[in-house]
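S.K.: Once you've had a glance at the structure underneath, I'll fire off some questions.
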Amino acid sequence: MLKRIISIVITLLCVFSIFALSTNAAGNISDTLHSVSAAQNSGGTPYCTSLRAKTDDTSVYVKNSAISGGAMSCWVNRSNSASSGGSVDRFYGVDAGEFGASQNQKYVPKGTYYYLPNYVYEDGYRYAGVGFIMHIEGVYYEFLWSPDSI
Amino acid sequence: MNKSHFTWMLTLFCTISITLLVIIYLLQQGVINLNISSNSPTPDKSSSESEENAQEYFCSLTLTKGAVGTVKWFAPEIYYIEDAFDCLIRLNDITVTKECKDINLTYTLDEITDGNGRIINDYSYVIADITFCNKATQPFNTCVGSVSLVYGELGTSKVQLAEIRGYDAPIDGSLKSYYMVTLEPNKEYTYKIAYVIKDSEIEKNKDNLAVNFTTAYGKDGAGTILKAPVLYKQEESK
């Protein structure tokens, strides 16, 4: 009898755990698209997306879905204002000017995605963006990204 | 089959079933992804002569209430101006409300809501009613998540920006791709896109609320590249 009760309790807990997974629990994981031409920033020049809300301490997701572009190097920027360009997240060192972030830049080839580690949430910042350098000039890039992931 | 055996089998069956349900649910929500991708550096072979010659300009179109904008698109692979087509974007209305009916929110931040989605602290929803119309002969996809609310000193570096929180389309697939929409040719699509900002900001900027459309998507349903932004923009009064 006791085993049957335990099994029923476990079953109910499992069922309730499904309903506990609401969309809000997933964080800000919906992708938005960033499109830019390498010609616009002369290629090789650091650039950053607009900033989006960071709701948890997960990695930033980025998928290079470049149309005519190639690989790009990415890092995470952070800020407490959605309207600013932000500064380089400490996992990626500091702003190294024309070289972008000073360390840990992630190489993201065309057609691949990457989860970018960061300390945005842990360090108390509210917004994250993707800093990037396009490796090919005179072409068109686009990538999908989200500030949170699971 | 004795009782203990039955109980054991029942427990095993329930555990496996629930685990499978959880996995299916997470896959549907896009929380987990079975797509395998290599993150290691590989030689890039994507460039071609025609691609290297392509040049486009960043799209940024700001619309105030009642304004209509047209974004020109073209295929960078071909790079013929004759291939350009129009995507009409119209900001029909922009409203402020504490209620958020018929809109699926993807996440929450500082706003506090009751059980019905009504905000009960000092934040409000700003709902932008936007119509897209693809004037081309081919369908294409775009991203409603690329439409931001802008307010404050519009047209200056001091402009404030708010990110999309959700819109009135049903979540019938992955939450990850929720903001992607397909626009069929010459058909109007109207969406109510929700943002959340502080009441004090709304009070200060109630006459300076607008939307900004910054990027776009250029693939058809099969994933083939059709068009990509952006040639130029133009704005006109409604």
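S.K.: Pick from segment A:115-136 the residues that are free of Cβ contacts under 8 Å to residues at least 60 places away in the same chain and surrounded by 22 or more Cβ atoms within 10 Å (Cβ to Cβ): which of them is nearest to A:Ile29 (Cα to Cα)?
M.R.: The qualifying residue nearest to A:Ile29 (Cα to Cα) is A:Leu116.
S.K.: Among B:Tyr25, B:Tyr107, B:Tyr57, B:Tyr79, which is the only one that is at pLDDT 80 or above and among the aromatic types (Phe, Trp, Tyr)?
M.R.: Going through B:Tyr25, B:Tyr107, B:Tyr57, B:Tyr79 in turn, just one is at pLDDT 80 or above and among the aromatic types (Phe, Trp, Tyr): B:Tyr107.
S.K.: If I filter segment B:135-153 down to residues being away from chain A (no Cβ under 12 Å) and out of contact with any Phe, Trp or Tyr (no Cβ under 6 Å at 6 or more places or on another chain), which single residue comes out as surrounded by the fewest Cβ atoms within 10 Å (Cβ to Cβ)? Steps first, please.
M.R.: So the first thing to find is which residues in segment B:135-153 are away from chain A (no Cβ under 12 Å), and the list is B:135-140.
From the residues that got through so far, the ones that are out of contact with any Phe, Trp or Tyr (no Cβ under 6 Å at 6 or more places or on another chain) too are B:137-140.
Details: B:Thr137: 8, B:Gln138: 13, B:Pro139: 15, B:Phe140: 24.
By that ranking, first place goes to B:Thr137.
S.K.: If B:Lys192 meets every condition in (1) within 18 Å of A:Ala26 (Cα to Cα); (2) at pLDDT 90 or above apart from one, which number is that one?
M.R.: (1)
S.K.: Pick out the one residue from B:Gly145, B:Gly155 that is out of contact with any Gly (no Cβ under 6 Å at 6 or more places or on another chain) and part of a loop (DSSP other than H, G, I, E, B). Can you show your working first?
M.R.: Values: B:Gly145 fails: part of a loop (DSSP other than H, G, I, E, B).
None of the other options fit; the residue is B:Gly155.
S.K.: Go through segment A:50-66 and count every residue that is in contact with a strand residue (DSSP E or B) (Cβ under 7 Å, 6 or more places away or on another chain) and more than 9 Å from chain B (Cβ to nearest Cβ).
M.R.: Qualifying residue count for the region: 5.
S.K.: Looking at segment B:154-200 only, could you name the residues that are facing another protein chain (nearest Cβ under 10 Å) and without any contact (Cβ under 8 Å) to a residue 60 or more places away in the chain?
M.R.: The answer is B:Ser157, B:Lys158, B:Val159, B:Gln160, B:Leu161, B:Ala162, B:Glu163, B:Ile164, B:Tyr179, B:Met180.
The values are calculated or read from the model by the stated rules, or taken from the named source; none is laboratory data. As the structure is a computational prediction, the values presented were derived from the model and not from experiment. FYI the Cβ positions are ideal-geometry reconstructions off the backbone, even for glycines, and counts take in every protein chain you see.
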